[in-house]
There are 2 protein chains.
Amino acid sequence: MYSVDEKGRVSLPSKLRKYVSTEANDTFVVTRGFEKCLFLYPIDEWNKLESNLRNLSSYDPQHRRFIRAILELAQESQLDSQARISIPPELREYANILNEVRIIGTLDKIELWNPKVYEEYKISQPESYESIASRVMR
Amino acid sequence: MYSVDEKGRVSLPSKLRKYVSTEANDTFVVTRGFEKCLFLYPIDEWNKLESNLRNLSSYDPQHRRFIRAILELAQESQLDSQARISIPPELREYANILNEVRIIGTLDKIELWNPKVYEEYKISQPESYESIASRVMR
DNA sequence: TTCACAGTGGGGAAAAGTGGGGAAGAATGG
DNA sequence: CCATTCTTCCCCACTTTTCCCCACTGTGAA
């Protein structure tokens with residue numbers, strides 16, 4: 001659980017920072033997540049995602065909509081000298097991130113959650129961790 | 001969310017400006033979007049689109065119609081020294097852009113929306129962002 | 001206790017965004 | 001063809017936001 005200061009800044013835990021490639025050079029892209037959370041992509045991971053987006057057709061309405069949804073709130077941003085990233089107000093609002101934030105490093109990106117929202121999300125999932133495990137991993 | 005002043009000018013967010021190629025030289029083409037919004041193409045992207053249009057058949061009524069729809073309101077325009085672009089009244093009317101505008105950088109162009117219209121557009125879609133994501137991205 | 005590192009807080013310069021005056025050019029009417 | 005009005009756009013000035021930098025606190029290890 002980490003704090004968000006009045007300027008909307010979040011310190012990236014140093015444990016996580018270690019896993020971010022050096023080529024990302026402290027540059028990230030924040031955007032909305034698929035659930036009610038934010039995704040923080042190191043720039044190199046983001047570039048991969050972006051080139052996938054470019055393969056979509058801009059003449060297909062569903063594709064357009066998806067591209068918009070991802071890019072609408074996307075912001076490039078660099079860590080400051082204290083390894084903090086600042087989260088634009090609109091994104092904080094989307095994920096309802098106020099004073100505290102739950103930071104989860106997934107494989108290719110980092111997720112930011114309102115701690116309460118995250119707890120509710122976990123509870124709302126009917127399937128247990130074990131049963132997902134057995135289904136997903138084959 | 002950005003403002004439109006009384007003269008119909010819109011500041012391009014500097015974050016977006018960075019992604020516009022230098023060869024575009026602050027020159028854009030505004031035209032109507034496929035939805036009820038406006039498309040703002042950097043001139044180099046516009047030239048690509050235009051050469052695609054040239055490949056359409058002017059003997060096919062559908063093609064003619066499409067070409068007209070795009071070109072009818074298209075207008076070339078340059079950023080002023082404050083990096084603003086001015087949107088002709090007819091286009092503002094088409095997209096119902098009044099005092100406020102939502103600016104979305106998609107990959108090859110920039111979209112301008114009336115904020116309310118955009119919200120309605122998002123809501124009107126039956127399929128969730130999450131489910132499009134899992135379908136579209138593989 | 002001291003050092004090092006992680007995290008927090010805030011001041012202030014620089015950049016971004018907004019508003020409007022007025023010259024230059026285009027359109028309209030006589 | 002000239003005069004008047006309207007529009008466009010260039011430039012200056014003000015406000016707001018961003019972000020860079022410095023300082024402080026707390027914790028754990030030596």
Point to revise | The lone exception for B:Glu119 - which of (1) facing chain A (nearest Cβ under 8 Å); (2) among the charged types (D, E, K, R); (3) over 21 Å from A:Glu76 (Cβ atoms) it fails | key: (1)
Practice item. Scan segment B:73-85 and give yes if some residue there is touching a helix residue (DSSP H, G or I) at 6+ places or on another chain (Cβ under 8 Å), more than 16 Å from DNA strand C (Cβ to nearest atom) and either at pLDDT below 95 or of a type in the set (Ser, Thr, Tyr) (or both), otherwise no. Key: yes
Exercise for review: Search segment B:19-36 for residues being within 14 Å of chain A (Cβ to nearest Cβ) and surrounded by fewer than 15 Cβ atoms within 10 Å (Cβ to Cβ), and hand back the single one that is nearest to DNA strand C (Cβ to nearest atom).
Suggested key: B:Tyr19
Check your understanding: So which residues in segment B:99-116 are surrounded by fewer than 18 Cβ atoms within 10 Å (Cβ to Cβ), within 12 Å of B:Cys37 (Cα to Cα) and either away from chain A (no Cβ under 13 Å) or charged (D, E, K, R) (or both)?
Key -> B:Lys116
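Please give the strands (runs of 3 or more DSSP E) falling wholly within segment B:46-127 in which 1 or more residues are of a type outside the set (Gly, Ala, Ser) and within 22 Å of A:Arg65 (Cα to Cα).
Filter on segment B:46-127 gives B:100-105, B:110-113.
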Exercise for review: Within segment B:33-62, count every residue that is within 15 Å of B:Leu107 (Cα to Cα) and of a type in the set (Lys, Arg).
Suggested key: 1
Study note, to complete from the structure: Checked segment B:1-18 for anything assigned to a loop (DSSP other than H, G, I, E, B), surrounded by 14 or more Cβ atoms within 10 Å (Cβ to Cβ) and more than 7 Å from DNA strand C (Cβ to nearest atom); matches are B:Gly8
Exercise for review: Among the numbered conditions (1) more than 16 Å from DNA strand C (Cβ to nearest atom); (2) surrounded by 15 or more Cβ atoms within 10 Å (Cβ to Cβ), tell me where A:Gln62 comes up short.
Suggested key: (2)
**Study point:** Residue tally, condition loosely packed, with under 15 Cβ neighbours inside 10 Å and either under 30 Å from B:Lys18 (Cβ atoms) or touching a residue at least 40 places away in the same chain (Cβ under 8 Å) (or both), over segment A:117-128
**Key:** 1
Review point. Out of (1) touching a residue at least 24 places away in the same chain (Cβ under 8 Å); (2) buried (at least 17 other Cβ atoms within 10 Å of the Cβ); (3) out of contact with any strand residue (DSSP E or B) (no Cβ under 7 Å at 6 or more places or on another chain); (4) charged (D, E, K, R), the odd one out for A:Glu72 is which?
Key: (3)
Practice item. Consider B:Phe34 carefully, then state whether it is within 13 Å of the chain's Cα centre (by Cα), in a strand (DSSP E or B) and either more than 16 Å from DNA strand D (Cβ to nearest atom) or under 27 Å from B:Lys122 (Cα atoms) (or both). Key: no
Review point. How about segment B:5-25: which of its residues are more than 16 Å from DNA strand D (Cβ to nearest atom) and touching a residue at least 24 places away in the same chain (Cβ under 8 Å)?
Key: none
Review point. Which of (1) free of Cβ contacts under 8 Å to residues at least 24 places away in the same chain; (2) in contact with a Pro (Cβ under 7 Å, 6 or more places away or on another chain); (3) among the hydrophobic types (A, V, I, L, M, F, W, C) does B:Phe28 not meet, given it meets every other one?
Key: (1)
Exercise for review: Using the structure shown, decide if A:Arg92 is within 16 Å of DNA strand D (Cβ to nearest atom), buried (at least 17 other Cβ atoms within 10 Å of the Cβ) and either under 19 Å from B:Arg138 (Cα atoms) or of a type in the set (D, E, K, R) (or both).
Suggested key: yes
**Study point:** Qualifying positions in segment B:111-134 - among the charged types (D, E, K, R) and modelled with pLDDT under 85
**Key:** B:Glu127, B:Glu130
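The values are calculated or read from the model by the stated rules, or taken from the named source; none is laboratory data. All values derive from a computational prediction rather than experimental measurement. Backbone-built Cβ (ideal geometry, glycine too); neighbour counts: all protein chains shown.
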